[in-house]
1. For residue 33, are the conditions met, namely being in contact with a helix residue (DSSP H, G or I) (Cβ under 8 Å, 6 or more places away or on another chain) and either assigned to a strand (DSSP E or B) or closer than 29 Å to residue 99 by Cα (or both)?
2. Name, by its number, the condition in (1) touching a residue at least 40 places away in the same chain (Cβ under 8 Å); (2) part of a loop (DSSP other than H, G, I, E, B) that does not hold for residue 46.
3. Return only the number of the condition from (1) touching a helix residue (DSSP H, G or I) at 6+ places or on another chain (Cβ under 8 Å); (2) touching a residue at least 12 places away in the same chain (Cβ under 8 Å) that residue 70 does not satisfy.
4. I'm checking my understanding of the structure. Among residues of segment 247-272 that are in contact with a strand residue (DSSP E or B) (Cβ under 8 Å, 6 or more places away or on another chain) and closer than 20 Å to residue 106 by Cβ, which one is surrounded by the most Cβ atoms within 10 Å (Cβ to Cβ)?
5. If residue 104 satisfies every condition in (1) in contact (Cβ under 8 Å) with a residue 12 or more places away in the chain; (2) more than 12 Å from the chain's Cα centre (by Cα) but one, which is the exception?
6. Being at pLDDT 95 or above and out of contact with any helix residue (DSSP H, G or I) (no Cβ under 8 Å at 6 or more places or on another chain): is that true of residue 252 here?
7. Exactly one condition in (1) more than 15 Å from the chain's Cα centre (by Cα); (2) over 18 Å from residue 228 (Cβ atoms) is false for residue 19; which is it?
């Protein structure tokens, strides 16, 4: 299995738990030190030979495509892809390829990994993709006239837009013809997880206090994912908000908008490629 954003929070917890159970886990993360700590913890669990770490900045389109190719070169079959990578930014940051970073990391990397690893996923007996985002949340929208948020950037605005984009990503992926790969959109709810370091100190303090009072423990938030991996759903697309399976008729899962976003994404990536 492949885990993006696997050196922090829920991604890290899942990667170590699966390796301890006997799975081979490929972890993607941008921080070399955190990757080394992950490998050390895997070794302490007796699973060091089952965890592989790739340092990669997933906000880069070329870098994400490159790591997908490297994984395909090493692994003929992938049973599961779990998508966690995300990072909040209090100000608008542009990547070297000219993209707004939240959109690039939180949404585009997941699009690219799903598409890039599809050949190996198709060779698995029961392949599944688990996209951990905010399905079930109805706030936020795709800013069709300004998806890079050049005119109206805000931390929450960017996070919500990317979250809604991931909802539509799952819809579009599952709708592909002759597709054996099951797609799960999973919202874990407020969880004691993630890297808060990019945020201002006062915000970090407030979030940590709120987490102590109301957030779900990481192990509890991760628990349903084990079920998705061990017993992939029969339906092409499944949406789960914490412990509730959602109807696919939600406005945020509109197939027409999913097709529209796919077209926008294709045009955007073509621009990056040139």
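1. On the way: in contact with a helix residue (DSSP H, G or I) (Cβ under 8 Å, 6 or more places away or on another chain): no; either assigned to a strand (DSSP E or B) or closer than 29 Å to residue 99 by Cα (or both): yes.
Criteria not met by residue 33.
2. So the condition that residue 46 fails would be (1).
3. Every listed condition holds for residue 70 apart from (1).
4. Only one residue fits best here, namely 253.
5. (2)
6. no
7. (2)
Table: residues versus (1) within 18 Å of the chain's Cα centre (by Cα); (2) in contact (Cβ under 8 Å) with a residue 40 or more places away in the chain.
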site: 1; (1), (2): yes, yes
site: 12; (1), (2): yes, no
site: 25; (1), (2): yes, no
site: 33; (1), (2): no, no
site: 89; (1), (2): yes, yes
site: 98; (1), (2): no, yes
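The values are calculated or read from the model by the stated rules, or taken from the named source; none is laboratory data. Keep in mind that what you see is a predicted model, and the values were worked out from it rather than measured. All Cβ positions, glycine included, derive from the backbone under ideal geometry; neighbour counts span all protein chains shown.
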